[in-house]
Amino acid sequence: MSDAAGPPLDLGHGFVVPADESRWGEAMYTSAEHVWTKVSQKDTGGAWSLFESRVPAGFGVPLHLHHAQEEWFWVLQGKFEFEVGGELNRLGPGMSQFAPRQVPHRWRKTGEADGTILILVQPSEGMEDFFDRFAQLSQEQLQDFVYLARLFAECGMEVVGPPLPSGDGGAAP
């Protein structure tokens, strides 16, 4: 899938995206989490994209920042820890977390069950390409900090530290 957004698609109508599918009718299964593009940058002229992510217990992303994007997370199911700008927050269903551009952040799914989050990225440039490429990573590549840092950099992000350490996850406030 091309990452070039261009002008918004001339839809002339809304659209429905089924559960467990992307905007384009395909499932995206990464080696760690399942990710679906629900609103594509092609729909918004690159202004924003919305992703649904089903996250396995214990999975987390490295501390990173986006050079040109804000990111917003909305927890639909499960418990998560988010660290944004050095502040740790525990989130449960219905709670959301904003991560401004240029501010290091990371998150981790806590507890024993899988969770689901929505991720809105604004502007969307680079993120659909990132998730497409992330989906192809092997378990070995997911553990290779240098490889991950290069992938993040190629998609407009910078890895600045490891994922959150494992812990009990605590209760969501």
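The values are calculated or read from the model by the stated rules, or taken from the named source; none is laboratory data. On a predicted model such as this, the values are computed, not experimentally measured, just so you know. Every residue, glycine as well, gets a Cβ built from its backbone with ideal geometry; the counts of neighbours run over all protein chains shown.
Please verify whether G126 is at positive phi, under 17 Å from the mean Cα position of the chain (by Cα) and modelled with pLDDT under 95, treating the condition exactly as stated. So G126 fits the description; yes. Counting just the residues of segment 129-146 that are aromatic (F, W, Y) and within 15 Å of the chain's Cα centre (by Cα), which one comes out nearest to S22 (Cα to Cα)? That would be F131. Evaluation of T116 against the conditions (1) within 21 Å of C155 (Cα to Cα); (2) in contact with a Gly (Cβ under 8 Å, 6 or more places away or on another chain); (3) surrounded by fewer than 19 Cβ atoms within 10 Å (Cβ to Cβ); (4) among the polar types (S, T, N, Q) shows that the sole unmet condition is (1). Among the residues of segment 95-112, those identified as outside any strand (DSSP E or B), modelled with pLDDT of 95 or more and not polar (S, T, N, Q) are M95, P100, R101, V103, P104.
Within segment 91-113, if we keep just the residues that are surrounded by fewer than 16 Cβ atoms within 10 Å (Cβ to Cβ) and closer than 14 Å to L76 by Cα, the residue that is nearest to the chain's Cα centre (by Cα) turns out to be S96.
Just name the residue that is surrounded by the most Cβ atoms within 10 Å (Cβ to Cβ) out of those in segment 26-49 that are small (G, A, S) and modelled with pLDDT of 75 or more. Among those that are small (G, A, S) and modelled with pLDDT of 75 or more, it is S49.
Can you name the residue in segment 50-89 that is of a type in the set (A, V, I, L, M) and part of a strand (DSSP E or B) and, of all such residues, is nearest to G156 (Cα to Cα)? Result: L65. Given the structure, is A47 part of a loop (DSSP other than H, G, I, E, B) and under 20 Å from F134 (Cα atoms)? No, not satisfied. When you scan segment 113-137, how many residues do you find that are of a type in the set (A, V, I, L, M, F, W, C), in contact (Cβ under 8 Å) with a residue 60 or more places away in the chain and part of a loop (DSSP other than H, G, I, E, B)? Selection size over segment 113-137: 2.
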